[in-house]
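Q: One structure is given below, represented as structure tokens, and several questions about it will come after.
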Amino acid sequence: MNYTKTKSQKFNLKRYRKLFPVTKDYIYLNHASTGPLPIPAVKAITQLAQRYAKEGSIEWEEYEKLSNRTRQLTAKMLNVTGDEICFIQNTSQGIIIAIGTIPWQDGDNLILMQDGFPTNLYPFLYLLPNIEKRYVTSSEILADPCSITKRIDKKTKAIALDWVNFLNGIKIDLTTIGQIAKEKGIYLIIDGMQGLGATTIDLKKSYVDFFCAAAPKWLLGPHGIGILYISKKTLSHLQPFNLGWLSADWKDFYDIFTPKPLKTTAARFEPGTKNYFGIVGLQECLRLFLEIGIDKVESQIYHLTDYLISEISSSKFETITPRARSKRAGIVSFRRKDKAGQELYLKLKQNRVVVSLRQEYLRISPHFYNTIEEIEHLIKIIKD
Ligand SMILES: Cc1ncc(COP(=O)(O)O)c(C=O)c1O
């Protein structure tokens with residue numbers, strides 16, 4: 001292929017690569033599954049655990065400061081305000097909060113992504129059995145965002161879509177879809193799990209009501225922590241749901257029995273004691289992204305995936321990820337037509353190259369600390 005390895009990363013790759021010990025033993029290209037914890041996150045979690053062991057308890061005020069700092073870092077990453085950020089345990093919880101706080105009425109309908117990840121499907125099926133579901137595929141949206149408009153009528157209450165599809169890697173245009181939802185007065189719920197940390201985002205520009213993502217994939221964070229953005233406009237008219245004692249605006253705990261007012265911010269959907277190990281790990285990951293710059297992270301991921309796509313563009317392969325950068329993020333999925341996916345997957349595994357096998361397709365998902373040489377190694381094995 002005539003791909004020229006031109007634009008290299010605009011940050012000190014060698015330095016950042018050292019933060020990922022996984023690189024010593026593996027060619028790790030599996031961030032759409034799980035991201036390895038960087039050293040600063042490991043250190044911060046360990047230090048907190050050691051303090052627990054030595055001190056027994058840590059002041060609530062200190063935890064509040066940690067939470068608020070991490071909230072601000074999240075807000076910076078999304079270009080929104082800290083008041084619009086709520087910590088969640090996983091992406092599912094974000095979707096469930098959206099479902100519970102939207103004022104559904106009899107006869108409403110909703111639009112879902114048919115080939116989306118089950119996180120953004122099952123809660124709707126289980127929790128809203130009587131609301132009509134209308135389905136659209138990621139490929140239909142890719143071909144024409146108006147495919148959504150065609151499914152909307154006066155009774156459409158919400159649209160719930162995956163920002164980046166877990167299988168084919170298609171990235172939908174949040175600005176265009178947000179505009180459609182805004183014009184029609186429909187709630188827009190986005191599962192951002194396969195995009196956040198891999199590609200740039202500006203939620204101020206996009207009319208998204210709910211956007212959620214957990215930490216352990218592209219954000220490289222720990223399990224059991226994630227973020228839910230709820231826009232200020234949306235926050236003002238939601239139904240009460242997932243509320244608990246820490247949803248109230250406590251200044252201190254000297255007087256437990258006088259009722260305290262409900263927080264007006266998105267933090268009111270954090271009902272009780274938070275996952276501080278998760279938050280402290282996430283804080284370090286967000287710092288890393290903001291230090292390097294998410295635009296540079298994205299640019300390095302495109303640099304690697306452009307090369308991969310160019311190498312598998314022969315008739316020997318079927319690639320289901322779009323070629324254009326604007327239509328994908330960090331996932332590239334393909335199969336070799338003359339070989340079973342399982343065979344290639346095992347061969348890569350034997351050679352310590354970690355990828356995923358999904359529905360017969362090899363799913364490759366490199367991050368900013370991967371190198372062109374690693375992609376070359378992968379290509380050599382799959383072409384052999
Ligand atoms: C698009 C998408 N959303 C969400 C998840 C995971 O959801 P949760 O954080 O609720 O486990 C995945 C996992 O593969 C995913 O691909």
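The values are calculated or read from the model by the stated rules, or taken from the named source; none is laboratory data. It should be emphasised that the depicted structure is a prediction, and the values quoted were computed from it without experimental measurement. Note that each Cβ is placed from the backbone with ideal geometry, even for glycine, and that neighbours are counted across all protein chains shown. Ligands, DNA and RNA are stripped out before the accessible areas are found, and what is left, the full protein with its side chains, is counted by its heavy atoms. Shrake-Rupley method; radii C 1.70, N 1.55, O 1.52, S 1.80 Å.
Q: Which residues, counting only those in the range 13-61, are in contact (Cβ under 8 Å) with a residue 60 or more places away in the chain, over 20 Å from LEU288 (Cα atoms) and open to solvent by 40 Å² or more (accessible area, probe 1.4 Å)?
A: Those that are in contact (Cβ under 8 Å) with a residue 60 or more places away in the chain, over 20 Å from LEU288 (Cα atoms) and open to solvent by 40 Å² or more (accessible area, probe 1.4 Å): ASP25, TYR26, ALA49, TRP60.
Listed here are the residues, each with its yes/no results for (1) open to solvent by 70 Å² or more (accessible area, probe 1.4 Å); (2) within 16 Å of the ligand (Cβ to nearest atom).
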{"site": "THR119", "(1), (2)": "no, yes"}
{"site": "TYR122", "(1), (2)": "yes, yes"}
{"site": "ASN130", "(1), (2)": "yes, no"}
{"site": "SER138", "(1), (2)": "no, yes"}
{"site": "LYS150", "(1), (2)": "yes, no"}
{"site": "LYS154", "(1), (2)": "yes, no"}
{"site": "ALA158", "(1), (2)": "no, no"}
{"site": "LEU161", "(1), (2)": "no, yes"}
{"site": "ASN165", "(1), (2)": "no, yes"}
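Q: I've got another one for you. Among the numbered criteria (1) among the hydrophobic types (A, V, I, L, M, F, W, C); (2) in contact with a Phe, Trp or Tyr (Cβ under 8 Å, 6 or more places away or on another chain); (3) open to solvent by less than 60 Å² (accessible area, probe 1.4 Å); (4) in a loop (DSSP other than H, G, I, E, B), which single criterion is violated by PHE211?
A: For PHE211, the failing item is (4).
Q: Turning to a different aspect of this structure: Please specify each residue of the range 182-198 satisfying the condition of being surrounded by 24 or more Cβ atoms within 10 Å (Cβ to Cβ) and either away from the ligand (no atom under 11 Å from the Cβ) or assigned to a helix (DSSP H, G or I) (or both).
A: Looking only at the range 182-198, we keep the residues that are surrounded by 24 or more Cβ atoms within 10 Å (Cβ to Cβ), and these are 188-198.
Selection gives LEU188, ILE189, GLY197, ALA198.
Q: In addition: Would a scan of the range 161-175 turn up a residue that is more than 26 Å from VAL355 (Cβ to Cβ) and part of a helix (DSSP H, G or I)? Reasoning before the result, please.
A: Within the range 161-175, the first condition is being more than 26 Å from VAL355 (Cβ to Cβ), and the residues that meet it are 173-175.
Those still in the list that are part of a helix (DSSP H, G or I) too: 174-175.
Within the range 161-175, one or more residues are more than 26 Å from VAL355 (Cβ to Cβ) and part of a helix (DSSP H, G or I).
Q: So how many residues does the range 214-242 have that are more than 16 Å from the ligand (Cβ to nearest atom), part of a loop (DSSP other than H, G, I, E, B) and crowded, with 16+ Cβ neighbours inside 10 Å?
A: Qualifying residue count, the range 214-242: 2.
Q: Still on this structure, I have one more. Right, ASP191: closer than 21 Å to GLN89 by Cα, acidic (Asp, Glu) and under 20 Å from the mean Cα position of the chain (by Cα) or not?
A: Working: closer than 21 Å to GLN89 by Cα: yes; acidic (Asp, Glu): yes; under 20 Å from the mean Cα position of the chain (by Cα): yes.
Criteria met by ASP191.
Q: Scanning the range 167-181 for residues that are open to solvent by 10 Å² or more (accessible area, probe 1.4 Å) and not β-branched (Val, Ile, Thr), which turns out farthest from the ligand (Cβ to nearest atom)?
A: Looking at residues that are open to solvent by 10 Å² or more (accessible area, probe 1.4 Å) and not β-branched (Val, Ile, Thr), I get GLN179.
Q: Something else now. Taking the condition of being open to solvent by 40 Å² or more (accessible area, probe 1.4 Å) and under 24 Å from LYS76 (Cα atoms), how many residues in the range 243-262 meet it?
A: Narrowing the range 243-262 to residues open to solvent by 40 Å² or more (accessible area, probe 1.4 Å): 243, 245, 249, 251-262.
From what is left, the residues that are under 24 Å from LYS76 (Cα atoms) are 249.
Of the residues in that region, 1 qualify.
Q: Within the range 159-179, identify whether any single residue is within 23 Å of ASP295 (Cα to Cα), β-branched (Val, Ile, Thr), touching a Phe, Trp or Tyr at 6+ places or on another chain (Cβ under 6 Å) and assigned by TED's automatic domain parsing to the domain that holds ALA213, and answer yes or no. Talk me through it step by step, then tell me what you get.
A: First pass over the range 159-179, keeping only residues within 23 Å of ASP295 (Cα to Cα): 162-166, 168-178.
Next, from what is left, pick out any that are β-branched (Val, Ile, Thr): 164, 170, 172, 175-177.
Imposing the further condition that a residue be touching a Phe, Trp or Tyr at 6+ places or on another chain (Cβ under 6 Å) reduces the set to none.
Within the range 159-179, not a single residue is within 23 Å of ASP295 (Cα to Cα), β-branched (Val, Ile, Thr), touching a Phe, Trp or Tyr at 6+ places or on another chain (Cβ under 6 Å) and assigned by TED's automatic domain parsing to the domain that holds ALA213.
Q: Which numbered condition trips up THR23, out of (1) in a helix (DSSP H, G or I); (2) more than 16 Å from the ligand (Cβ to nearest atom); (3) assigned by TED's automatic domain parsing to the domain that holds PHE269?
A: Among (1) in a helix (DSSP H, G or I); (2) more than 16 Å from the ligand (Cβ to nearest atom); (3) assigned by TED's automatic domain parsing to the domain that holds PHE269, THR23 violates only (3).
Q: Taking the conditions exactly as written (out of contact with any strand residue (DSSP E or B) (no Cβ under 6 Å at 6 or more places or on another chain) and within 16 Å of the ligand (Cβ to nearest atom)), does SER92 satisfy them or not? Walk me through it before giving the result.
A: Details: out of contact with any strand residue (DSSP E or B) (no Cβ under 6 Å at 6 or more places or on another chain): yes; within 16 Å of the ligand (Cβ to nearest atom): yes.
Yes: the conditions hold for SER92.
Q: For the structure I just gave you, tell me whether THR101 is in contact with a Phe, Trp or Tyr (Cβ under 7 Å, 6 or more places away or on another chain) and in contact (Cβ under 8 Å) with a residue 24 or more places away in the chain. Full working, then the answer.
A: Values: in contact with a Phe, Trp or Tyr (Cβ under 7 Å, 6 or more places away or on another chain): yes; in contact (Cβ under 8 Å) with a residue 24 or more places away in the chain: yes.
Criteria met by THR101.
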